[in-house]
Amino acid sequence: MTITLHTCREMDAADPLARSRDGFVLPEGIVYLDGNSLGALPRQAEERVRTVITRQWGQDLIKSWNVHDWIGVPARLGGKIARLIGAEPSEVLVADSTSLNVFKALHAALCLRPGRRVILSDDGNFPTDLYMAQGLIEQLSDSHRLEIVAPDEVAASLNEDVAVLMLTEVDYRTGRLHDMKALTKLAHDKGALAFWDLCHSAGAFPVDLNGCGADFAVGCGYKYLNGGPGAPAFIYVAERWQGSAEQPLFGWMGHDAPFAFDLDYRPRPGIARFLVGTPPILSLTALEAGLDLFASVELGALRQKSGALGDLFIALVEQELAGLTLASPRPAAERGSQVSYRHPEGYPIMQALIARGVIGDFRAPDILRFGFAPLYVSFTDIWNAVAQLKAVMAAQEWQKPEFRRRAAVT
Ligand SMILES: Cc1ncc(COP(=O)(O)O)c(C=O)c1O
């Protein structure tokens, strides 16, 4: 059956999440398919940040740490993320960047498995996770090693030497989804811990960390959680490890009594020991505006729409154009919330598409990525995006020299 613009409009009319788009500022004439890199601006963010600046910082000054409970913001936001990732509010905290949280969680995991020497990961993991592991190993005087295998070799590579299995659930290039439940169980069967990076999961579809028995997890605030550029990240530590987990960055905010100003470090009970320094209140305020947009969202609908948007994109590309090779799994159940294609001219094709108002991105060496944030991408957006992609390919617009110049950020 041929898919038409009318079909897409009907899908929008039947979409239970259609109204959530009103919560975002989306520029006129733009189709935004890059929420897997930087989420769109929540409509409430500007006013909330302005209020914190003018009324709280401006008028109440330092009293705001108590009067407006600034000190409690990392835990409060952690509680809001917990629902999205299948955790208890006491198991999640918002702090630092994903990279730093990887370092903290990985160190804690290694300490919980003394005698085991291997961090197992795959080559679909995001480089910063691997780099943080390499840096940590150097700090530990090379007592451990990082083993990087192909994604489909992870299960077979688990053995009694592995201290921690460290994976990103959704491959940032292809969108391939790991089976978190099965791999966590396999890791546990071998006596290893399971540590998940949820950067491309949280806010795109429901995650069930506790249902899967995960030990540690991290994720960023600026993709599907719509917290703004460089938004603070989150960290999850399963309740059972909170008493014994040792994180290596002894900051005063993780101290049992920060305002006692003791000379010796003593970690706070619970997940609060994973805090390091003073929370960035303005950034956290913007992130909270993004998180609050999920409050009334039924998480099953999020998953259903995310899969349907990807399915429609794949079907329309097949129907309308040729020359692009699908790099993502075809079944929605095996994908995160993105669809990627390979093409040797991927970079200039994406630039030509952006010039036509359809924003996706490019990942070296040849991947065109299209992210579908279910809260604000519509089925009609998908129609329009594929129509513009078809025009770019038909006229070979990507041959123009201006689309070949590489910017610092791709
Ligand atoms: C899976 C994954 N982990 C980590 C990061 C980046 O971490 P950070 O926020 O510390 O830059 C990204 C960024 O795109 C990512 O995709």
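The values are calculated or read from the model by the stated rules, or taken from the named source; none is laboratory data. For clarity, every value in this text was computed on a predicted model and none was experimentally measured. All Cβ positions, glycine included, derive from the backbone under ideal geometry; neighbour counts span all protein chains shown.
You will find that of Val92, Val102, the residue that is within 16 Å of the ligand (Cβ to nearest atom) and in contact with a strand residue (DSSP E or B) (Cβ under 9 Å, 6 or more places away or on another chain) is Val102 and no other. When Gly213, Gly227, Gly191, Gly203 are checked against the criterion of being at negative phi and small (Gly, Ala, Ser), Gly227 stands alone in meeting it. The residues listed here are Ala333, Ala327, Ala355, Ala322; of these, the one that is closer than 19 Å to Glu402 by Cα and either under 18 Å from the mean Cα position of the chain (by Cα) or surrounded by fewer than 24 Cβ atoms within 10 Å (Cβ to Cβ) (or both) is Ala355. Screening Pro89, Pro74 for residues that are closer than 18 Å to Leu284 by Cβ and buried (at least 21 other Cβ atoms within 10 Å of the Cβ) leaves exactly one candidate, Pro74. Under the condition of being in a loop (DSSP other than H, G, I, E, B) and in contact with a strand residue (DSSP E or B) (Cβ under 7 Å, 6 or more places away or on another chain), which residue from the stretch 239-261 is nearest to the ligand (Cβ to nearest atom)? So the residue we want is Ala245. Screening the candidates Thr184, Thr128 for the property of being within 13 Å of the ligand (Cβ to nearest atom), hydroxyl-bearing (Ser, Thr, Tyr) and either under 30 Å from Leu368 (Cβ atoms) or buried (at least 18 other Cβ atoms within 10 Å of the Cβ) (or both) yields one hit, Thr128. Looking across the stretch 328-387, the residues that are over 21 Å from Glu318 (Cβ atoms) and in a loop (DSSP other than H, G, I, E, B) come down to Gly357, Ala364, Pro365, Ala373, Pro374, Leu375, Tyr376.
Of the listed requirements (1) over 19 Å from Gly227 (Cβ atoms); (2) in contact with a helix residue (DSSP H, G or I) (Cβ under 9 Å, 6 or more places away or on another chain); (3) among the acidic types (Asp, Glu); (4) assigned to a loop (DSSP other than H, G, I, E, B), Glu28 misses just one: (2). Could you pull out every one of the helices (runs of 4 or more DSSP H) wholly within the stretch 45-148 that has 1 or more residues that are in contact with a Gly (Cβ under 8 Å, 6 or more places away or on another chain), of a type in the set (A, V, I, L, M) and touching a residue at least 12 places away in the same chain (Cβ under 8 Å)? Passing ranges, in order: 45-51, 73-85. Within the stretch 192-211, if we keep just the residues that are touching a strand residue (DSSP E or B) at 6+ places or on another chain (Cβ under 8 Å) and farther than 28 Å from Pro42 by Cβ, the residue that is nearest to the ligand (Cβ to nearest atom) turns out to be Phe195.
Based on what the data block shows, is Val162 more than 22 Å from the chain's Cα centre (by Cα), among the hydrophobic types (A, V, I, L, M, F, W, C) and surrounded by 17 or more Cβ atoms within 10 Å (Cβ to Cβ)? Here the answer is yes, as Val162 does meet what is asked. Report yes if Asp171 is within 16 Å of the ligand (Cβ to nearest atom), more than 25 Å from Leu17 (Cβ to Cβ), among the charged types (D, E, K, R) and buried (at least 16 other Cβ atoms within 10 Å of the Cβ), otherwise no. In short, no. Screening Ala260, Ala233, Ala272, Ala217 for residues that are surrounded by fewer than 24 Cβ atoms within 10 Å (Cβ to Cβ), closer than 30 Å to Pro42 by Cβ and at pLDDT 95 or above leaves exactly one candidate, Ala272.
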